[in-house]
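Asker: If you scroll down you'll find the structure; I have some questions about it.
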Amino acid sequence: MSNRYSFEFFPPKTEVGRAKLKDTRSQLAALNPEFFSVTYGAGGSTRDNTRDIVLESKNAGLSVAPHLSFGGDEESDILTLLNDYKAAGIDRIVALRGDIPSGMGATRQVYAKELVEFIRKHTGDHFQLEVAAYPETHPDAKSHQADINFLKAKLDAGANSAITQYFFNADAYFYFLEDCEKAGIDKPIYPGIMPITNFSNLARFSRNCGAEIPRWLAQKLEGYGDDQQSIIEFGAEFVSELCHILMEGGAPGIHFYSMNQVEPIKSIAEAVMSSHPAG
(Lines give C-alpha, C1' and ligand atoms only; values in the text may rest on other atoms or scores of the structure.)
Protein backbone atom coordinates (compact mmCIF):
# COMPACT_ATOMS: atom_id res chain seq x y z
CA MET A 1 0.00 0.00 0.00
CA SER A 2 1.32 3.46 -0.88
CA ASN A 3 1.87 6.10 1.80
CA ARG A 4 -0.88 8.71 2.12
CA TYR A 5 -0.43 12.20 3.55
CA SER A 6 -3.11 14.80 4.30
CA PHE A 7 -3.51 18.11 6.14
CA GLU A 8 -6.38 19.47 8.22
CA PHE A 9 -7.66 23.06 8.42
CA PHE A 10 -10.39 24.76 10.41
CA PRO A 11 -12.61 27.50 8.90
CA PRO A 12 -11.33 30.95 9.99
CA LYS A 13 -13.91 33.40 11.30
CA THR A 14 -12.27 36.59 9.96
CA GLU A 15 -11.12 37.93 6.60
CA VAL A 16 -7.55 38.14 7.92
CA GLY A 17 -7.77 34.47 8.92
CA ARG A 18 -9.12 33.50 5.50
CA ALA A 19 -6.29 35.31 3.72
CA LYS A 20 -3.76 33.59 5.97
CA LEU A 21 -5.35 30.20 5.32
CA LYS A 22 -5.03 30.70 1.54
CA ASP A 23 -1.30 31.29 1.98
CA THR A 24 -0.94 28.28 4.30
CA ARG A 25 -2.91 26.13 1.87
CA SER A 26 -0.81 27.11 -1.14
CA GLN A 27 2.46 26.40 0.69
CA LEU A 28 1.29 23.00 1.95
CA ALA A 29 -0.20 22.15 -1.46
CA ALA A 30 3.36 22.23 -2.82
CA LEU A 31 3.92 18.96 -0.91
CA ASN A 32 1.20 17.26 -3.03
CA PRO A 33 -0.86 15.76 -0.20
CA GLU A 34 -3.63 13.30 -1.01
CA PHE A 35 -6.20 15.78 0.33
CA PHE A 36 -6.94 18.66 2.69
CA SER A 37 -9.72 18.21 5.25
CA VAL A 38 -11.81 21.09 6.60
CA THR A 39 -13.45 20.86 10.02
CA TYR A 40 -17.17 21.36 10.43
CA GLY A 41 -19.32 23.69 12.45
CA ALA A 42 -22.97 22.68 12.56
CA GLY A 43 -25.78 25.09 11.87
CA GLY A 44 -26.18 28.28 9.90
CA SER A 45 -23.22 30.54 9.22
CA THR A 46 -20.59 28.20 10.71
CA ARG A 47 -21.72 25.38 8.45
CA ASP A 48 -21.79 27.72 5.45
CA ASN A 49 -18.27 28.91 6.29
CA THR A 50 -17.01 25.32 6.06
CA ARG A 51 -18.83 24.82 2.75
CA ASP A 52 -17.45 28.06 1.28
CA ILE A 53 -13.86 27.15 2.15
CA VAL A 54 -14.33 23.61 0.85
CA LEU A 55 -15.76 24.79 -2.49
CA GLU A 56 -13.17 27.53 -2.85
CA SER A 57 -10.37 25.01 -2.21
CA LYS A 58 -11.89 22.65 -4.77
CA ASN A 59 -12.12 25.49 -7.32
CA ALA A 60 -8.43 26.20 -6.67
CA GLY A 61 -7.74 22.68 -7.97
CA LEU A 62 -7.17 20.97 -4.63
CA SER A 63 -8.49 17.65 -3.39
CA VAL A 64 -10.55 18.48 -0.33
CA ALA A 65 -12.51 16.47 2.24
CA PRO A 66 -15.13 18.34 4.27
CA HIS A 67 -15.88 17.16 7.79
CA LEU A 68 -19.56 16.47 8.35
CA SER A 69 -21.80 15.68 11.31
CA PHE A 70 -25.52 15.74 12.08
CA GLY A 71 -25.00 18.24 14.91
CA GLY A 72 -28.18 20.29 15.04
CA ASP A 73 -28.84 20.14 11.29
CA GLU A 74 -31.91 18.65 9.64
CA GLU A 75 -31.42 15.63 7.40
CA SER A 76 -32.59 17.76 4.46
CA ASP A 77 -29.79 20.28 5.14
CA ILE A 78 -27.20 17.51 5.24
CA LEU A 79 -28.57 16.03 2.02
CA THR A 80 -28.41 19.43 0.28
CA LEU A 81 -24.81 19.80 1.43
CA LEU A 82 -23.93 16.30 0.19
CA ASN A 83 -25.47 17.08 -3.20
CA ASP A 84 -23.60 20.41 -3.38
CA TYR A 85 -20.34 18.62 -2.65
CA LYS A 86 -21.08 15.85 -5.14
CA ALA A 87 -21.95 18.39 -7.86
CA ALA A 88 -18.66 20.21 -7.17
CA GLY A 89 -16.70 17.00 -7.76
CA ILE A 90 -15.80 16.41 -4.12
CA ASP A 91 -15.38 12.70 -3.49
CA ARG A 92 -14.22 12.38 0.11
CA ILE A 93 -15.89 13.20 3.45
CA VAL A 94 -14.81 12.87 7.08
CA ALA A 95 -17.95 11.61 8.88
CA LEU A 96 -18.20 12.43 12.58
CA ARG A 97 -20.76 12.13 15.36
CA GLY A 98 -22.84 15.11 16.40
CA ASP A 99 -25.47 16.17 18.92
CA ILE A 100 -29.08 16.87 17.89
CA PRO A 101 -31.00 19.18 20.27
CA SER A 102 -34.39 17.78 21.21
CA GLY A 103 -37.52 19.78 22.06
CA MET A 104 -36.82 19.27 25.76
CA GLY A 105 -33.47 21.05 25.56
CA ALA A 106 -31.56 17.78 25.91
CA THR A 107 -29.47 16.41 23.09
CA ARG A 108 -29.50 13.13 21.27
CA GLN A 109 -26.14 11.97 20.03
CA VAL A 110 -26.15 10.92 16.41
CA TYR A 111 -23.29 8.52 16.01
CA ALA A 112 -20.99 8.61 13.01
CA LYS A 113 -22.25 5.13 12.06
CA GLU A 114 -25.70 6.64 11.39
CA LEU A 115 -24.17 9.39 9.27
CA VAL A 116 -22.13 6.84 7.28
CA GLU A 117 -25.31 4.83 6.67
CA PHE A 118 -27.18 8.01 5.64
CA ILE A 119 -24.45 9.04 3.17
CA ARG A 120 -24.26 5.56 1.66
CA LYS A 121 -28.06 5.37 1.38
CA HIS A 122 -28.35 8.69 -0.48
CA THR A 123 -25.11 8.86 -2.48
CA GLY A 124 -24.05 5.24 -2.90
CA ASP A 125 -20.31 4.77 -3.23
CA HIS A 126 -19.59 8.27 -4.56
CA PHE A 127 -17.71 9.41 -1.44
CA GLN A 128 -14.60 7.94 0.15
CA LEU A 129 -15.60 8.08 3.83
CA GLU A 130 -13.15 8.67 6.66
CA VAL A 131 -14.15 8.23 10.32
CA ALA A 132 -12.43 9.00 13.63
CA ALA A 133 -10.43 6.51 15.71
CA TYR A 134 -9.06 6.89 19.24
CA PRO A 135 -5.85 4.99 20.13
CA GLU A 136 -6.06 6.29 23.71
CA THR A 137 -9.84 5.66 23.88
CA HIS A 138 -12.58 8.27 23.42
CA PRO A 139 -13.30 10.14 26.68
CA ASP A 140 -16.99 9.10 26.51
CA ALA A 141 -16.33 5.42 25.75
CA LYS A 142 -17.42 2.83 28.31
CA SER A 143 -14.21 0.89 27.73
CA HIS A 144 -11.29 0.50 25.32
CA GLN A 145 -12.96 -2.53 23.71
CA ALA A 146 -16.33 -0.75 23.41
CA ASP A 147 -14.54 2.07 21.59
CA ILE A 148 -12.99 -0.40 19.13
CA ASN A 149 -16.42 -1.97 18.59
CA PHE A 150 -17.78 1.50 17.71
CA LEU A 151 -14.97 1.95 15.18
CA LYS A 152 -15.70 -1.45 13.65
CA ALA A 153 -19.41 -0.58 13.37
CA LYS A 154 -18.54 2.66 11.49
CA LEU A 155 -16.24 0.82 9.09
CA ASP A 156 -18.73 -2.04 8.61
CA ALA A 157 -21.44 0.55 7.83
CA GLY A 158 -19.43 1.63 4.79
CA ALA A 159 -16.55 3.87 5.88
CA ASN A 160 -13.33 3.24 3.94
CA SER A 161 -10.70 4.20 6.50
CA ALA A 162 -10.10 6.00 9.79
CA ILE A 163 -8.02 8.94 11.02
CA THR A 164 -6.91 8.94 14.66
CA GLN A 165 -7.11 11.55 17.35
CA TYR A 166 -3.61 12.94 17.89
CA PHE A 167 -1.30 11.20 20.35
CA PHE A 168 2.33 11.47 21.44
CA ASN A 169 3.01 7.84 22.28
CA ALA A 170 3.68 5.60 19.28
CA ASP A 171 3.02 2.46 21.34
CA ALA A 172 -0.57 3.62 21.92
CA TYR A 173 -1.09 3.55 18.14
CA PHE A 174 0.62 0.21 17.52
CA TYR A 175 -1.21 -1.57 20.37
CA PHE A 176 -4.44 -0.03 19.12
CA LEU A 177 -3.80 -1.47 15.62
CA GLU A 178 -3.22 -4.91 17.15
CA ASP A 179 -6.52 -4.70 19.05
CA CYS A 180 -8.32 -3.52 15.91
CA GLU A 181 -6.93 -6.44 13.95
CA LYS A 182 -8.12 -8.86 16.66
CA ALA A 183 -11.59 -7.28 16.34
CA GLY A 184 -11.62 -8.03 12.60
CA ILE A 185 -10.86 -4.51 11.37
CA ASP A 186 -8.83 -4.66 8.18
CA LYS A 187 -9.23 -1.12 6.79
CA PRO A 188 -6.43 1.48 7.02
CA ILE A 189 -6.10 3.58 10.18
CA TYR A 190 -4.08 6.75 9.62
CA PRO A 191 -2.37 8.39 12.62
CA GLY A 192 -3.31 12.02 13.26
CA ILE A 193 -0.33 14.19 14.21
CA MET A 194 -0.48 17.48 16.12
CA PRO A 195 2.41 19.98 16.15
CA ILE A 196 3.73 21.25 19.48
CA THR A 197 3.93 25.05 19.48
CA ASN A 198 2.33 26.21 22.72
CA PHE A 199 2.34 24.01 25.81
CA SER A 200 -0.58 25.59 27.72
CA ASN A 201 -2.86 25.41 24.66
CA LEU A 202 -1.80 21.83 23.97
CA ALA A 203 -2.42 20.80 27.58
CA ARG A 204 -5.92 22.30 27.45
CA PHE A 205 -6.75 20.64 24.10
CA SER A 206 -5.45 17.32 25.38
CA ARG A 207 -7.51 17.41 28.59
CA ASN A 208 -10.65 18.10 26.55
CA CYS A 209 -10.17 15.33 24.01
CA GLY A 210 -8.52 12.65 26.12
CA ALA A 211 -5.11 12.73 24.43
CA GLU A 212 -2.29 11.95 26.86
CA ILE A 213 0.88 14.03 27.04
CA PRO A 214 3.52 11.68 28.53
CA ARG A 215 4.73 13.01 31.90
CA TRP A 216 8.36 13.35 30.76
CA LEU A 217 7.24 15.35 27.71
CA ALA A 218 5.01 17.65 29.78
CA GLN A 219 7.89 18.25 32.24
CA LYS A 220 10.29 19.00 29.39
CA LEU A 221 7.90 21.47 27.73
CA GLU A 222 6.99 23.11 31.05
CA GLY A 223 10.69 23.52 31.75
CA TYR A 224 11.03 25.91 28.80
CA GLY A 225 8.67 28.37 30.51
CA ASP A 226 8.06 31.36 28.22
CA ASP A 227 10.86 30.38 25.81
CA GLN A 228 8.46 29.82 22.91
CA GLN A 229 11.22 29.31 20.35
CA SER A 230 12.73 26.41 22.28
CA ILE A 231 9.27 24.80 22.65
CA ILE A 232 8.76 25.05 18.87
CA GLU A 233 12.22 23.68 18.05
CA PHE A 234 12.03 20.78 20.49
CA GLY A 235 8.40 20.11 19.52
CA ALA A 236 9.30 19.89 15.83
CA GLU A 237 12.18 17.52 16.59
CA PHE A 238 10.00 15.30 18.80
CA VAL A 239 7.03 15.18 16.40
CA SER A 240 9.30 14.50 13.38
CA GLU A 241 10.82 11.55 15.23
CA LEU A 242 7.33 10.30 16.18
CA CYS A 243 6.33 10.40 12.49
CA HIS A 244 9.43 8.41 11.49
CA ILE A 245 8.74 5.78 14.17
CA LEU A 246 5.13 5.46 12.97
CA MET A 247 6.08 5.11 9.30
CA GLU A 248 8.90 2.67 10.04
CA GLY A 249 6.43 0.65 12.11
CA GLY A 250 4.05 0.29 9.16
CA ALA A 251 1.59 3.21 9.45
CA PRO A 252 -0.13 3.68 6.05
CA GLY A 253 0.50 7.45 6.07
CA ILE A 254 -0.10 10.50 8.28
CA HIS A 255 -2.86 13.09 8.73
CA PHE A 256 -1.36 16.39 9.95
CA TYR A 257 -3.41 18.76 12.10
CA SER A 258 -2.02 22.02 10.69
CA MET A 259 -3.84 24.45 13.03
CA ASN A 260 -3.89 26.69 9.90
CA GLN A 261 -0.14 27.29 10.27
CA VAL A 262 2.56 26.57 7.66
CA GLU A 263 5.22 25.82 10.27
CA PRO A 264 6.23 23.64 11.93
CA ILE A 265 3.99 21.19 10.02
CA LYS A 266 5.57 21.87 6.62
CA SER A 267 9.10 21.07 7.87
CA ILE A 268 7.87 17.99 9.75
CA ALA A 269 5.94 16.73 6.72
CA GLU A 270 8.85 17.38 4.35
CA ALA A 271 11.18 15.38 6.58
CA VAL A 272 8.91 12.33 6.83
CA MET A 273 7.82 12.47 3.17
CA SER A 274 11.43 12.57 1.97
CA SER A 275 12.22 9.30 3.76
CA HIS A 276 8.77 7.73 3.18
CA PRO A 277 7.51 9.17 -0.14
CA ALA A 278 3.83 9.19 -1.01
CA GLY A 279 3.00 6.36 -3.39
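Asker: So residue 211 ticks every box in (1) modelled with pLDDT of 95 or more; (2) under 26 Å from residue 140 (Cα atoms); (3) crowded, with 18+ Cβ neighbours inside 10 Å but one. Which box is left unticked?
Answerer: So residue 211 meets the others, but not (1).
Asker: A further question follows. Would you pick out the residues in region 1-33 that are in a loop (DSSP other than H, G, I, E, B), at pLDDT below 95 and surrounded by 15 or more Cβ atoms within 10 Å (Cβ to Cβ)?
Answerer: Once the filter is applied, which keeps residues that are in a loop (DSSP other than H, G, I, E, B), at pLDDT below 95 and surrounded by 15 or more Cβ atoms within 10 Å (Cβ to Cβ), region 1-33 yields 10, 11, 12.
Here is a yes/no grid of residues against (1) modelled with pLDDT of 90 or more; (2) charged (D, E, K, R):
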| residue | (1), (2) |
| --- | --- |
| 35 | yes, no |
| 47 | no, yes |
| 50 | no, no |
| 54 | yes, no |
| 61 | yes, no |
| 67 | yes, no |
| 73 | no, yes |
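Asker: Among the candidates 184, 158, which residue alone is crowded, with 16+ Cβ neighbours inside 10 Å and small (Gly, Ala, Ser)?
Answerer: Working: 184 fails: crowded, with 16+ Cβ neighbours inside 10 Å.
Just a single option satisfies the conditions, and that option is 158.
Asker: A further question follows. Go through the residues of region 173-183 one by one and say whether even a single one is touching a residue at least 12 places away in the same chain (Cβ under 8 Å), among the hydrophobic types (A, V, I, L, M, F, W, C) and outside any helix (DSSP H, G or I).
Answerer: Yes, region 173-183 has at least one match.
Here is a yes/no grid of residues against (1) within 22 Å of residue 38 (Cβ to Cβ); (2) at pLDDT 95 or above:
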{"position": "183", "(1), (2)": "no, yes"}
{"position": "193", "(1), (2)": "yes, yes"}
{"position": "204", "(1), (2)": "no, no"}
{"position": "215", "(1), (2)": "no, yes"}
{"position": "221", "(1), (2)": "no, yes"}
{"position": "238", "(1), (2)": "no, yes"}
{"position": "250", "(1), (2)": "no, yes"}
{"position": "272", "(1), (2)": "no, yes"}
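Asker: So which residues in region 241-261 are of a type in the set (Val, Ile, Thr) and surrounded by fewer than 18 Cβ atoms within 10 Å (Cβ to Cβ), if there are any at all? Reasoning before the result, please.
Answerer: Quick first cut of region 241-261, residues of a type in the set (Val, Ile, Thr) only: 245, 254.
Correct list: 245 only.
The values are calculated or read from the model by the stated rules, or taken from the named source; none is laboratory data. All of these numbers come straight from a predicted model, not from anything done at the bench. Positions of Cβ are generated from backbone atoms using ideal geometry, with glycine treated the same way; all protein chains shown enter the neighbour counts.
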